[in-house]
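The values are calculated or read from the model by the stated rules, or taken from the named source; none is laboratory data. Keep in mind that what you see is a predicted model, and the values were worked out from it rather than measured. Here the Cβ positions follow ideal geometry from the backbone for every residue, glycine too, while neighbour counts run over all protein chains shown.
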Amino acid sequence: MSAKQSIDSQAERVVLRLILVSGKTHEFEFHPLTSAHDVTQMVFDQWPDEWYEDKVQSAQMLKLIYHGRFLHGSVTLHALQLMPGKTTVMHLVTRENLPEPNSSETLTKRKSAGCCRCVLS
């Protein structure tokens, strides 16, 4: 690979600077068509040595936050309009216990319970 091809391929990569809750950061490079699920799997597989104390049991326990929102697993970096060759900051949070999916029974209970601020006259 020539030096020009190397530079061109690096310019096509999206650089993510991931920040843990502990404040530790690390930069990773990804192809723009990489999904959020694949990002968390790759980060888990290539877990930095300096993040040793923050290691989780599985990639499914990792969640990405971008602009204050959790990223769904199938969204790609390209779909987020991240600029190749530029560094984008995201938070990487770990979930010790994954949330239970909402069941229809739980939703029915919430709706029938009403709001604590409601006053019926």
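Are there any pairs with C-beta distances below 8 angstrom linking a residue in region 36-55 that is exposed (fewer than 15 other Cβ atoms within 10 Å of the Cβ) to a residue that is assigned to a helix (DSSP H, G or I), with the two at least 6 apart or on different chains, and if so which?
Taking only residues 6 or more apart or on different chains, the pairs are 45/59.
So if I check each of 78, 37, 72, which one is at pLDDT 60 or above and farther than 21 Å from residue 19 by Cβ?
Numbers: 37 fails: farther than 21 Å from residue 19 by Cβ; 72 fails: farther than 21 Å from residue 19 by Cβ.
Just one listed residue meets the conditions, 78.
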